[in-house]
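The values are calculated or read from the model by the stated rules, or taken from the named source; none is laboratory data. Given the structure is predicted, the values throughout are model-derived calculations rather than measurements. Heads up, the Cβs are rebuilt from the backbone with ideal geometry, glycines too, and the neighbour counts pull from every protein chain shown. Please note that ligands, DNA and RNA were not included when accessible areas were found on the heavy atoms of the full protein model with its side chains. Shrake-Rupley method; radii C 1.70, N 1.55, O 1.52, S 1.80 Å.
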Amino acid sequence: MFKTNLKIACRNLIKDKQFTFLNVLGLSAGLACALLIFLWVNDEMSFDKFFANNDRLYEVMEHRTGNGQTAISDESSGMVSEILAQQIPEVYYASPLAPPFWFQKYTLSVGDKNIKANGQYAGKDYFNIFSFKLIDGNSNDVLKNKSSIVISDELADKLFGTTQNIIGKPIRFQQDTTFFVSGVFEKTPYHSSQQFDFVLSFDYLGDVQHWVKTWGNLGPHNFVLLKKGANADAVNKKIADVIRANSEDTSRTLFLTKFSNIYAENSFDHGQQTGSRLVYVKLFSLIAVFILVIACINFMNLSTAKASRRMKEIGIKKVVGAERKQLIFQFLSESMLLTLFATVFAIVITLLLLPSFNQITGKQISLHFNTSMIIALIIVIVFTGLFAGSYPALYLSKFNPLAILKGKLSTSFAEVVSRKGLVIFQFTLSSVLIIAVLIIYQQIQFIQNTSPGYNKENILRIDSEGKIQGTEETFIAELKKVPGVLNASFTFNNMVGRNFGNTGISWDGKDPNSDVYFEGFGVSYDFIETMGMQMQSGRSFSKTYGADSSRIILNEAAINVMHLKDPIGKTIHLFDYPLQIIGVVKDFHFESLHTAVKPSYMILQREGNNPWFKIMTRIRSDHQQQTIAAIQHLYETYNPGFPFTFNFLDEAYQKQYDSEVRVSVLSKYFAALAIIISCLGLFGLAAFTAQKRRKEIGIRKVVGASVSNITAMLSKDFLVLVFLSLIIAFPVSWLLMNSWLQSFAYRINISPFVFIITGISVIVITLITISFQSIKAAIANPVKSLRTE
């Protein structure tokens, strides 16, 4: 029986090539989209899951209370790990970490090779906690010595030309300190949120940056590996008061979070929680389901449209003894076979689109047919085949054979409602996606066109290192002489995201229980002018006035939170150090538009051995390559042994919105795909309706109806369905997109033109889709449709 049904299914699919093509096209497109999204979701959810002790690996987090609010931070004191390892029995290993994004790329040198690389500082048990594969060296020993350096195999090849026998070999760090190779690790996997080229001892960092080992200063990350059988909740109760017990700070409470959950569930920017990738994982998973459902509905409508051509076949089979369950099995076999074909095409489409998909998403996804993937594909084929084929199978197999053979078939109200309901559902989803695309696009344009409060264009960020450290003013003076350089200054703030800040500012009238966070900008002369910022009142730092080291500039948000009137000339305190306010700069965005501008201050920064200094250089927009080449020549002459690297500030600023831009691009494709698949279903329903009403159309033509009358008659019903779908889609999409926009402190207002454009677009697409079938039915010879009467 199975073999017979398979043969019949193949013959039917080959016989009606148009039906097969449309169904395979719709299903394969939907399946390919779902497969791509599945691969993306699987990639996102697999980050940091590969560590050997994943179930026992936790990051130490902080609850911070202040101003009646509680915030979560992934930063704490560098002393936390040491205390936890000593005092908490359940802690097997603990390690502090100063991550790579704190620092510029460092220069490592071997002989005449000078290589830029990303480095971090970690505690001695870091490689016992994180099971990065050590090619050479012992995880217990590689970071015990302050003069040790652990490098990746990739970096080893660049520096030594080999990964063999390099333990103990010296590497010059920043041309002034020598470290000795104690271990070589395999390049960090792509699915690790921690990406670095080398690791130095955290104890060494503590010697050169004493603040990382104090309780009051925050910044370092801390990780623990619990002993087998240890209960994280019980540990949380023990560690909650560690900060309070070791300092006077009562606003911070420690707790553990499973490390492998952090990448997807929480994003942090220098300790501040900024969002969750899980939102987009859920969003795209939902879109994948919607598009697959639309494709299945398309299959149903095309199958029912074909039903009238197979009525006599069904009637004859029933007359000669075929049972309904046999017919259901036959039609489900056709559905499963067609789904199998569609899946094969979907895999081919996925393989072809993966390079472009990876470019859009910034991923390195590949399609591997492992056991889990094969099982997932089988489940999808079975589910899609049954879901897509169930309604046509039940619909076609229930007809009375006598009514079929006499040509007297009636359509029940339930059938009409269900079939049209499917079309309404399709176009509702498609309309929601179109509206979402338009609103996301408008918000992205708003973000890109909104001034951050300074001129971010044509600003080069150059690391201050080597000879430049401590002589920044001298270097900047030379830099300003380069043709094409308009201005230059230096700062220890990157201008993108939170970098450095504190709650150490106090003023007359401040609530003693209030802890207001201020972002700090240590700057040199000409910084405000170089960045193109605007003064609201007062002045910027100037050598003309002298003694500006005891003065401070605040932004408007700071003045508002301090409730200062006529602030110029007033004195405030930064960690008990008195500073006179000489200016108020207009608010500028040092974080993304997701958050409101926070209070900030600027103090005059002296030259010194500061690894966070950035040289901000404004250049002319024309002849940029020549200007950059001249700057490189100056840099390499002034600072021998250090490779010249730079980046543009506007590019770094734009990276804050990479997720939104990717969502915008992907949504365009998903919305286009959804509307195309929906139109295929509408095409099928139009064919079905024209077939069902062929005799009515014939009679109308005989009595004088014109082609335009009949076309309008057939189109009217479909337009009603589209109008109903728009009525449902408009409020649903408004609620969804308004909720999404709430994640931005600065956002657009949803314009009614979005809904008007969507409505017109959907109606035009509908008319184009159904016009072929409507006109074809209207111009058909009425004699052919009436000759059986």
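With labels modelled as points extended 7 Å from the Cα through the Cβ direction, what inter-label distance (nm, one decimal) is found for S659 paired with W734?
For S659 paired with W734, the spin-label model returns 2.8 nm.
How large are Rg and Dmax for the range 477-560 when only the alpha carbon atoms are used, in Å?
15.3, 53
Need one value: the accessible area of M495 in square angstrom, 1.4 angstrom probe, rounded to the nearest 10.
Surface accessible to solvent at M495 totals approximately 0 Å².
For E529, E59, write out the residues from largest to smallest accessible area, computed with a 1.4 angstrom probe and no ligands counted.
Ranked from most to least accessible, the order is E529, E59.
Give the carbon-plus-sulfur fraction of the accessible surface of the range 114-166 in %, rounded to a whole number; probe 1.4 Å, heavy atoms of protein chains only.
In the range 114-166, the share of accessible area belonging to carbon and sulfur is 37 percent.
Please work out the FRET efficiency for the pair E248 and D157, using the Cβ-Cβ distance as r and a Förster radius of 51 Å; give the result to the nearest 0.05.
E(calc), rounded to 0.05, equals 0.55.
If DNA, RNA and ligands are ignored and the probe is 1.4 Å, what is the ranking of V41, V382, V663 by accessible area, most exposed first?
From most exposed to least exposed: V382, V41, V663.
What net charge is computed for the residues neighbouring L36, neighbours being all others with C-beta under 15 Å from the C-beta of L36, Lys and Arg scored +1, Asp and Glu -1?
With Lys, Arg at +1 and Asp, Glu at -1, the net is +1.
Give me the distance in nm between label points sitting 7 Å out from Cα along the Cα-to-Cβ direction at L353 and I374, one decimal.
Modelled inter-label distance: 2.5 nm.
Count charges around K565 for me, please; just the other residues with Cβ under 14 Å from its Cβ, Lys/Arg as +1, Asp/Glu as -1.
Value of the local net charge: -2.
In Å, the Kirkwood hydrodynamic radius of the range 548-632 over pairs of distinct alpha carbons?
Kirkwood radius, the range 548-632: 15.7 Å.
What ranking do 502-513, 550-561, 532-543 get when scored by the average of other Cβ atoms within 10 Å per residue, highest first?
Ranking, from highest mean packing down: 550-561, 532-543, 502-513.
Mind checking the per residue accessible area of the range 155-279 for me, 1.4 Å probe, whole number of Å²?
With the other protein chains kept in place, the range 155-279 gives 45 Å² per residue.
Rounding to the nearest 20 debye, state how big the charge dipole of the range 502-601 is about its Cα centre with +1 on each Lys and Arg Cβ and -1 on each Asp and Glu Cβ.
Details: 8 positive and 12 negative charges, 49 e Å.
I would put it at about 240 debye.
With each pseudo-label sitting 7 Å past Cα toward Cβ, what's the N449-Q87 distance in nm, one decimal?
5.6
Rounded to the nearest Å, what's the spacing between the alpha carbon centres of the range 84-119 and the range 162-195? Just the number, please.
Here the two parts' Cα centres lie 11 Å apart.
Could you rank the peptides 520-528, 163-171 by their average count of other C-beta atoms within 10 Å per residue, with the highest value first?
Descending packing order for the listed peptides: 520-528, 163-171.
How much length, in nm to one decimal, is gained on full extension between D241 and A745, taken as 0.36 nm per residue of separation minus their Cα-Cα distance?
Contour length minus the Cα-Cα distance gives 178.0 nm.
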